[in-house]
1. When both residues are 6+ apart or on different chains and their Cβ atoms are under 9 Å apart, which pairs have a first residue that lies in region 40-64 and is touching a residue at least 40 places away in the same chain (Cβ under 8 Å) and closer than 9 Å to Gly106 by Cβ, and a second that is exposed (fewer than 15 other Cβ atoms within 10 Å of the Cβ) and of a type outside the set (Asp, Glu)?
2. Of the residues Ile94, Ile127, only one is β-branched (Val, Ile, Thr), assigned to a strand (DSSP E or B) and closer than 20 Å to Pro8 by Cβ; which?
3. I need the full set of residues from region 8-35 which are under 21 Å from Val59 (Cα atoms) and either in contact with a Leu (Cβ under 6 Å, 6 or more places away or on another chain) or among the hydrophobic types (A, V, I, L, M, F, W, C) (or both), in order please.
4. Count, please, the residues in region 54-79 that happen to be of a type in the set (Asp, Glu) and either surrounded by fewer than 13 Cβ atoms within 10 Å (Cβ to Cβ) or assigned to a helix (DSSP H, G or I) (or both).
5. Among the numbered conditions (1) aliphatic (A, V, I, L, M); (2) over 11 Å from the mean Cα position of the chain (by Cα); (3) surrounded by 12 or more Cβ atoms within 10 Å (Cβ to Cβ), tell me where Ala51 comes up short.
6. Look at Ala19 and say whether it is touching a Ser or Thr at 6+ places or on another chain (Cβ under 8 Å), more than 17 Å from Gly120 (Cα to Cα) and small (Gly, Ala, Ser).
7. State all residues of region 89-132 that are surrounded by fewer than 17 Cβ atoms within 10 Å (Cβ to Cβ) and among the hydroxyl-bearing types (Ser, Thr, Tyr); if no residue qualifies, say none.
8. Tally up the residues in region 34-55 that are more than 16 Å from Ile12 (Cβ to Cβ) and of a type in the set (S, T, N, Q), please.
Amino acid sequence: MTNSPAAPRPPIHLIDTEADTLTNLALGIEERLPQVSDMLLEEVGRATVYAAADIPRDVVTMYSTVSFTDEANGATRAVQLVYPRDADISAGRISILTPIGAGLVGLREGQSILWPDRDGRERRLTIVKVTQAAADDPALRQPS
């Protein structure tokens with residue numbers, strides 16, 4: 001997927017172990033969900049990677065709760081970014097293997113990204129607030 005020079009993607013940040021897990025997940029869905037796989041692999045590939053203790057606190061990581069505005073309709077939503085096994089849209093938990101999940105991961109508060117939705121339309125998503133999962137709970141950092 002390419003972006004026009006007028007709309008470069010913002011820098012993103014990932015935890016090293018999450019980057020490895022996300023790469024494996026993306027490779028595992030390559031045939032079933034090629035668009036999401038490609039988007040996620042591209043994001044992991046361009047990320048600055050940190051140890052979990054060093055990731056800035058305003059970065060969307062796995063199990064973060066993130067409030068974001070979809071500028072297409074002006075709506076602000078709060079969701080928790082989770083691995084597929086924990087996804088439950090009615091409870092506000094969205095999978096990293098959805099277009100929006102893949103677009104939010106690694107962004108910081110205040111950043112915006114142009115990102116395609118399920119129908120391929122580009123939408124500008126702006127991060128309003130990030131609350132990371134408890135850093136002392138390693139069970140929340142890896143899928144089972």
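The values are calculated or read from the model by the stated rules, or taken from the named source; none is laboratory data. Bear in mind that the values here come from a model prediction, so they are computed numbers and not experimental data. Quick reminder, even Gly has a Cβ in these numbers, built from the backbone with ideal geometry, and neighbours come from all protein chains shown.
1. Hits for this filter: Ala47/Pro11; Thr61/Ala52.
2. Ile127
3. Hits for region 8-35 are Ile12, Leu14, Ile15, Ala19, Leu22, Leu25, Ala26.
4. Taking region 54-79 as the starting set, the residues that turn out to be of a type in the set (Asp, Glu) are 54, 58, 70-71.
Then keep just the ones that are either surrounded by fewer than 13 Cβ atoms within 10 Å (Cβ to Cβ) or assigned to a helix (DSSP H, G or I) (or both); that gives 54.
So the answer is 1.
5. For Ala51, the failing item is (3).
6. no
7. Scanning region 89-132 gives Ser90, Ser112, Thr126, Thr131.
8. The total comes to 2.
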